[in-house]
Amino acid sequence: MQKQTSAIHAGYDGTQAFGAMSVPITQTTAYAFRDSEHAANLFALKELGPIYTRLTNPTTDVLEQRFAALEGGEAAICVASGQSAIFYAIANVAEAGDNVLISDKLYGGAVTLLTHTMKRFGITASVFKSSDASDLEEQINDKTKAIFFESLSNPQIAIADIEKITEIAKRNGVMTVCDNTVATAALFNPIKWGVDIVVHSTSKYTNGQGTAIGGIIVEREGMAEFFKANSERYEHFTTPDPSYHGLVYTDVPLPNFTLRVRLSLLRDLGAAQAPFNSWLLINGLETLERRVEKHSKNALEIAKYLESNPKVSNVCYPGLESDEGYAKAQKYFKDGQSSGLISFEVGSYAEAKNVIDSAKLFSVVVNIGDSKSLITHPASTTHSQMNKEELEGAGIKPTVIRLSVGLEDTRDLIEDLQQAIG
Ligand SMILES: *Cc1c(COP(=O)(O)O)cnc(C)c1O
């Protein structure tokens, strides 16, 4: 099935729900078992079915199946936010004493989570250059459990050397986790390029209108074979889990990675997605491809305008031929489309503040992927918890402004920027 068709139909058969065309919202905490044997079978995985909404929910299940289809993965699992998707993806394989290798170009929340909060749990992170992965292989050791990067990074709008990263990861038997939030499943499918695990903040383009927070983890087919082939590194999958009466994940004929997130992390940490949010995100997915096409078209027009404005420098948009990411965008992304994110610089911090405060149509909001256009100053907001070295390393200067171009008419958006920048 083609993507746009999956986005509208995968995972739902209306004949089960009075023919309801809209996926029903199963707003329930728990589910009645037929009898005690049924309950025991569900807990023992002898039979599959809903037990409690912290673990599974029929509405959320539709979104999971749809997302897996769109990403070309075997299975997916929803969690409460993009942040919890990243946390669970890493915590599913790493524990105290382990390390992860993380891209130098990441979302601010991912940086603080992976370098500071995870450290408190004994998991350390080292940074590698994702634009060419030139210092990646030398940093891998026996305790390296994952390589984490963003396909199209927020807010630097840089594209990782995905082919090289996955090639190095495969040679060393290390799992890759790609945050595909900004590129979206409509433009890019990391799994087709060799990535093992894909995470998204579905709060952004998937939702599309800024109405719900959500996160999702997608796994490729064949993770059980991968864990078996690299059993020393990933022993939690190949040896009995004492917290689940000795279950060996690789012995279970179910997608192993998301199964362990569900049975262990969602069970114990509980960042479950609310069914209503799943429903909003299902509605968002239906128009994702069309919207991203328009976001990309609008952003390219605005990037060209910014390039022509003498008060603006360093317009970063991979759809521009002048951008260092142009070749990669052409290589990886559908028709070279590059989403609605643009960053650019003005002369000083004061000027940056003035532009942001003068914009009328662009709202000052730390979100992306909304149908409404947004403007932010990353250094003082989304990335303000990073220190000076981290900011410099990530390319976030005080003069940088980030736009998330919405779906309005570009004539109005350009007029607004023109009056704000001058
Ligand atoms: C927003 C974002 C996140 C965090 O997602 P939340 O849903 O806000 O928790 C992670 N990665 C990227 C690239 C993001 O843009």
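At an R0 of 56 angstrom, the distance between the Cβ atoms of Y349 and F18 translates into a FRET efficiency of 0.45. Rounded is the label for segment 69-169, because a/c, from the alpha-carbon gyration tensor with a ≥ b ≥ c as root eigenvalues, stays below 1.5. Separation of segment 1-47 and segment 229-298, taken as the distance between their Cα centroids, equals 16 angstrom. Share of carbon and sulfur in the accessible area of segment 367-416 stands at 52%, probe radius 1.4 Å. Taking all Cα-Cα distances within segment 132-233, those exceeding 21 Å account for 36%. What longest range of the chain stays clear of loop-exposed trypsin sites (Lys or Arg not before Pro) (DSSP non-H/G/I/E/B, at most 14 other C-beta within 10 angstrom)? Maximal segment without exposed cleavage sites: 144-310. Length gained on full extension, A229 to L48: 62.4 nm, using 0.36 nm per residue less the C-alpha separation. Which lysines have a Cα lying under 20 Å from the Cα of K46, excluding residues fewer than 8 positions away in the same chain? Result set, ordered by chain and number: empty.
Length gained on full extension, K388 to R267, computed as 0.36 nm times the residue gap minus the Cα-Cα distance: 39.8 nm. For segment 3-283, the carbon plus sulfur part of the accessible surface works out to 54%, probe radius 1.4 Å. Segment 156-226 and segment 124-144 have Cα centres spaced 18 Å apart. With the simple spin-label model, which puts each label point 7 Å out from Cα in the Cβ direction, the N309 to K119 separation comes to 3.8 nm. The mean of 1/r over all pairs of different alpha-carbon atoms in the chain, once inverted, gives a Kirkwood hydrodynamic radius of 22.1 Å. Accessible surface for the chain, divided over its residues, is 41 Å² per residue with a 1.4 Å probe.
Pairs spanning more than 31 Å between alpha-carbon atoms, out of K164/K372; K3/K328; K105/K170; K3/K353: K164/K372; K3/K353. A simple spin-label model places pseudo-atoms 7 Å from Cα toward Cβ; at A39 and R171 they are separated by 5.5 nm.
Relative protection proxy for 82-91, 315-324, from highest mean packing down: 82-91, 315-324 (other beta-carbon atoms within 10 angstrom). According to the Kirkwood relation over distinct C-alpha pairs, the hydrodynamic radius of segment 289-421 is 14.9 Å.
The values are calculated or read from the model by the stated rules, or taken from the named source; none is laboratory data. For clarity, every value in this text was computed on a predicted model and none was experimentally measured. Glycine also receives a Cβ, built like all others from the backbone with ideal geometry; neighbour counts cover every protein chain displayed. Calculation scope for accessible area: heavy atoms of the full protein, side chains included, ligands and nucleic acids excluded. Shrake-Rupley method; radii C 1.70, N 1.55, O 1.52, S 1.80 Å.
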